[in-house]
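Report on the following structure.
Each value in this text was obtained by applying a stated rule to the coordinates, not by laboratory testing. Being a predicted model, the structure only gives us computed values, none of them experimental. We place every Cβ from the backbone using ideal geometry, glycine too, and count neighbours over all the protein chains shown.
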Amino acid sequence: MNYADVIARYEPVIGLETHVELSTASKMFCGCSTEFGAEPNTHTCAVCLGLPGALPVANETAIESTIRIGLALNCSIAAWCRFARKNYFYPDMPKNFQTSQYDEPLCVEGYLDVEVEGNTVRVGIERVHLEEDTGKNTHVGTSGRIHGADYSLVDYNRAGIPLVEIVTKPVPGTGALAPEVAKAYVTELRNILRTLGVSDVRMEQGSLRCDVNTSLNLPGAEWGTRTETKNVNSLRSVERAVRSEILRQAEVLDGGGRVTQETRHFQETTGDTRRGRSKEEATDYRYFPEPDLVPIAPDPDWVESLRVALPELPAARRVRLRDEMGVSAEDLVQMSNAGVVDLVGITTFAGAPVGEARNWWLGYLAQKANERGVEPPDLPITPEQVARVIELVSSGSLSVALARQAVDGVLETGSDVDEVVAERGLKVVSDTGALEQAADGAIAANPDIAAKVRGGKLSAVGALVGAVMKATRGQADAAAVKQILLDRLGVGS
Amino acid sequence: MSDDLTRMTAAEIAALIAGGEVAAVEVAQAHLDRIAAVDQSVHAFLHVDTAGALDAAKAVDAARAAGTVLGPLAGVPLAMKDVVVTKDLPTTAGSKILEGWHPPYDATITRRIKDAGIVMLGKTNMDEFAMGSSTENSAYGPTHNPWDLSRIPGGSSGGSSAAVAAYEAPLAIGTDTGGSIRQPAAVTGIVGHKPTYGAVSRYGLVAFSSSLDQAGPFGRTVLDAALLHEVMAGHDPCDSTSIDAPIAPVVAAAREGAELSSLAGVRVGVVRELGGEGYQAGVVASFEAAVETLRGLGAEIVEVSCPNFDYALAAYYLIAPSECSSNLARFDGVRYGLRVGDDGANSLEDVMSITREAGFGAEVKRRIIIGTYALSSGYYDAYYGQAQKVRTLIARDFTAAFARADVLVSPTSPFVAFGIGERIDDPMAMYVNDLCTLPASLAGTPAISVPCGLADGLPVGLQIMAPAMADDRCYRVAAAFEAATEHVLASIPELS
């Protein structure tokens, strides 16, 4: 089915629900660590296991982070609100209720402006609320789902990690751009969250998870029935999920069918969505105010101080990149098309020269993203880490080749730059004695080339440089090696 | 003072131990012997921790020998309601669904009594998940009232009240959600206090109704209860609803009340709505005599009206079941406790369902069903929401009444102890036991029950209610009353 043809006949309405795990040191209602990737069920206690008698105590930092998110999204902050219990039975929930917020969220009525192909689209924010994450089920068996599983394992390390839910209002009127708007919204939201420093926003680790609502209607008609697509785990998937759902729904409608209100799962491999749980058997969550917690009543002066202390947000940063850092309009477009404007901006404002930042993100890192089939922001490396790599290069600690190895290490292991550098022993060999020894070895092993260089064919020295670099496992500074070789061959300047 | 260590008050025992006149181990052994002698007929305990009690007592003796200054209740034995979590000791909350569960942690109050050198003898019987007024809802069989073994010891903390009345322990801890400390205290002739909501940490109480649950002390005297109250109370950062304020000076108030033997200048309000029709004649007579005693002590008696108290029962039986339906959801057989039907063929939902069917008793199921219904979409406003409004109105009634009186009084229960089996098939007949105690539960205000005589040979309780955070008023008035009256336990029949 032709997308342009579908858009000519139907109007899409989209909406997004985003769950963000906060990067607080401890969980929402207890002191357990929130670290990702620990041995299953090691970051647990009586509270997050929901043992009889255990009681929650709200994490103040999580409340503060949620308010800061609300402020960055132009929301009103509630003067008084409460947690609520959302009751349903599922083994990943130790208490069989989730402590969440219901009719009294912390932040309401905001907006986020996103730019798509030169148009500014205002996405309304309905609410930003705070809740606890659930544990993680692993269903073992061929189906990979709970039905038909041989057995299921539950890891409660994730249970109780603070989770912020950000819900948009329905976004109509975006036409053919609906998939791009959805992607641009999540991109911009993620940039904001990263800038606020409240979350790792790693979609591949699940610290940012997105549900995409999509519906179609005939022009001028009422909005259609929406579906909710889950398992959208990358920025690219956000766009693909909306596009594929628009096409699927159009096919249903064209065939005279009716779109069912249901949860669908995005399939990374095929790019389409599959039917999940039907919402027709709607669960009654029996929400009621959480009696184990006291209401939250943020002091207005405190909220104001948080507002004043907000960091420069991505939109303002883009303006500054252009106006202060002298990034040309053309470069901005190029960076924007590659989805790296904010990455370059953050890298720059973390101390890297803008040109270096641009070159890394448009060059090696763009290539790495491409190899992995992800967008640059999905790479498991932060702009701060890239800035650190650039700093190590400019201080002479790393050559560009070594810097790339360092970047590879971060991407592969998720470790920090300095850890990778230390673990892999990445450093420029500046020990002249060692380099001279390696140079002598290369000359001795390649008498023909040495003779050519001595004879005045200076360009032939490259092969010897390569041999020395190989012998020093890339850790030498190539320029220094070249000079040493030329000196020892008696043709140095 | 009797030579029998089990007949002494907690204050007396503590003084003897502190003075080196008796070893804590002797005290513990005397009580363990008493339990061995009488608990087969009383059945106050679900679990007796002989080794743990003797170890704790030895530690107190060692501390004293080392010259450590002992706390005011060091070495005094205590019976703990089985709803309070105790590390490595069984904690069943009177339910089959928690059979065999050994908690990996201590409740805050467990830790506090251990730190105070109090010797925990064991865990006491209770209505399952604290739901009931007779201890007949225990999955482990009823507790018998030491006054008459064919009768109930009150509930839900009936094991604790019976243990104290039967001289198996001088002190006990109970929890009170709608009257579960006060009514058992009343019907066994002892003292029981429900503190201000938030005065005592709830961390580690197996929750029934979170906005109502409150742990408190039992003793045979007002002073003993006050001594235990001060050990239990105080701010706990692990309980968000715990009040961060100094503990009410209840021990000083109890001493002062007993010593002054005067209530001159104290205005005592008699609540019109808590009496009259439906109240047992002997209870009414004892209560009226008690009011005269208070007047005789110099108190000014005023009548107050709290019209919304009439709706307390209805509001309570929506709020408590609603919260319990959520609190008890965690008992699903997945992580701990009972699991039934996990035969490889049943689905996860089936196993949860079969486990809960097998693990919960009838009253617990009744309340879960009521609460689930009351919280349902479309019914919430009419039931839970409306009940919360009534709760606010009841709190306002208290505020108005406390403008005219320093304390309010009523019978603790409309009846004396009834026979085991008499009311168990009639939930409403059971629920009306709590008529007098529910208002203070809903308002979160403190109330004490102190013995005020006998009706048909069985104890009657006087309830004294005070404003939030003024727990000391309850103790002061109760101690003055106690000093002016003959203690009913003097006439408790000997257990064979």
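Across chain A, the mean sequence separation of Cα contacts (distance under 8 Å, 6 or more residues apart), normalised by length, yields a relative contact order of 14 percent.
Distance from the C-alpha centroid of the range B:74-105 to that of the range B:170-240: 16 Å, rounded to the whole angstrom. For the peptide B:205-214, the mean number of other protein chain Cβ atoms found within 10 angstrom of a residue's Cβ is 3.
Here the Kirkwood formula, the inverse mean of 1/r across different C-alpha pairs, assigns the range B:195-322 a hydrodynamic radius of 17.5 Å. Cysteines of chain A lacking any other cysteine Cβ under 4.7 Å from their own Cβ: A:CYS30, A:CYS32, A:CYS45, A:CYS48, A:CYS81, A:CYS210.
Taken as Cα centroids, the range A:49-99 and the range B:403-418 sit 40 Å apart, rounded to the nearest whole angstrom.
Backbone amide hydrogens, once placed in the peptide plane, bring B:ARG267 within less than 5 Å of B:GLU300, B:ASP406, B:VAL407, excluding anything fewer than 5 places away on its chain. Mind putting a number on the dipole of the range B:228-385 about its Cα centre? Charges go on the C-beta only, +1 for Lys and Arg and -1 for Asp and Glu, and I need it in Debye to the nearest 20. Taking the Cα centre of the range B:228-385 as origin, the dipole is about 140 debye.
For the protein assembly as shown, the alpha carbon convex hull comes to 227 Å³ per residue, rounded to a whole number. Over the range B:255-310, all Cα pairs binned in 10 Å intervals from 0 give whole-percent P(r) values of 22, 44, 29, 6, listed from short to long. A Stokes-Einstein calculation at 37 °C with viscosity 0.692 mPa s, built on the Kirkwood radius of the range B:40-105 over Cα pairs, returns a diffusion coefficient of 238 µm²/s. Which of the trypsin sites (Lys or Arg not before Pro) found in the range B:327-413 are in a DSSP loop and have at most 16 neighbouring Cβ atoms, other than their own, within 10 Å? Here the sparse-neighbourhood loop sites are B:ARG335. Here the average projected area of the convex hull drawn through the C-alpha atoms of the range B:283-345 stands at 9.0 nm². With a cut-off of 10 Å between beta carbons, the residues surrounding B:THR143 carry a summed charge of -3, where Lys and Arg count +1 and Asp and Glu -1.
The Kirkwood radius of the range A:108-244, taken over pairs of alpha-carbon atoms, gives through the Stokes-Einstein law at 4 °C and 1.567 mPa s a diffusion coefficient of 77 µm² s⁻¹. With the convex hull drawn over the C-alpha atoms of the range B:61-138, the volume per residue is 97 Å³. Here chain B is scanned for GluC sites (Glu not before Pro) in DSSP loops (not H, G, I, E, B) that have at most 13 other Cβ atoms within 10 Å, and the longest stretch holding none of them is B:278-485.
Counting only Cα atoms, the size of the range A:43-85 along its three principal axes is 40, 22, 14 Å, in decreasing order.
Taking every Cα-Cα distance in the range B:126-270 and sorting them into 5 Å bins from zero, the calculated P(r) comes out as 2, 11, 18, 20, 19, 15, 9, 5, 1, 0 percent. Restricting the calculation to Cα atoms, the range B:361-402 yields a radius of gyration followed by a Dmax of 13.9, 40 Å. Alpha-carbon geometry of chain B: the Rg and the Dmax are 21.3, 73 Å, given in that order. Evaluate the Kirkwood expression for the hydrodynamic radius of the range B:363-466, namely the inverse of the mean inverse distance over all pairs of different C-alpha atoms, and round to one decimal in Å. Roughly 16.0 Å, rounded to one decimal.
Selection among B:ILE424, B:GLY457, B:ALA478 by position relative to the dipole of chain B gives B:ALA478 as farthest towards the positive end (Cβ unit charges, Cα centre).
The alpha carbons of the range B:216-288 stretch over 45, 32, 26 Å along the principal axes, in descending order. In angstrom, the C-alpha Rg and Dmax of the range A:336-493 are 18.4, 52.
Measuring against 24 Å, Cα to Cα, the residue pairs A:LYS27/A:LYS136; A:LYS169/A:LYS230; B:LYS58/B:LYS87; A:LYS86/B:LYS87; A:LYS169/B:LYS389 contain A:LYS86/B:LYS87; A:LYS169/B:LYS389 as the ones spanning a longer distance. Considering only alpha-carbon pairs that sit under 8 angstrom and 6 or more positions apart, the relative contact order computed for chain B is 17 percent. Cα centroid distance between the range A:160-213 and the range B:266-328, in Å? Taking the Cα centre of the range B:266-328 as reference, the centre of the range A:160-213 is 56 Å away. Note on the range A:432-493: Rg/Rh from C-alpha atoms, Kirkwood Rh, equals 0.92.
Diagonalising the gyration tensor over the Cα atoms of the range A:229-351 and scaling each eigenvalue by 5 before taking the square root yields semi-axes of 38, 31, 12 Å, largest first. Look at the dipole of the protein assembly as shown built from charges on Cβ: of A:PHE266, B:MET8, B:PRO237, the Cα furthest out on the positive end belongs to A:PHE266.
Once the mean of 1/r is taken over each pair of separate Cα atoms and inverted, the range B:285-389 shows a Kirkwood hydrodynamic radius of 17.3 Å. With loop defined by DSSP as not H, G, I, E or B, and exposure as at most 15 other Cβ atoms within 10 Å, which is the longest segment of chain A clear of exposed GluC sites (Glu not before Pro)? So the longest stretch without any such site is A:325-493. Both radii come from the Cα set of chain A: Rg as radius of gyration, Rh as Kirkwood radius; their ratio Rg/Rh reads 1.06. For B:ASN346 and B:GLN40, the FRET efficiency from 1/(1 + (r/R0)^6), where r spans their Cβ atoms and R0 equals 41 Å, is about 0.55. Within straight-line reach of A:LYS457, meaning a Cα separation under 26 Å, sit the following lysines at least 8 residues removed in sequence or on another chain: A:LYS470, A:LYS482. Rounded to the nearest 20 debye, the dipole magnitude of the range B:183-256 is 220 debye, with +1 charges on Lys and Arg beta carbons, -1 on Asp and Glu beta carbons, and the Cα centre as origin. For the range A:94-176, the Cβ-based charge dipole about the Cα centre amounts to some 280 debye (Lys, Arg positive; Asp, Glu negative; other atoms uncharged).
Using equal-weight Cα scatterers in the Debye expression, the normalised intensity of the range B:1-158 in log10 at q = 0.08, 0.18, 0.20 Å⁻¹ is -0.24, -1.08, -1.24. Selection among B:THR143, B:TRP101, B:GLY71 by position relative to the dipole of the range B:24-153 gives B:GLY71 as farthest towards the positive end (Cβ unit charges, Cα centre).
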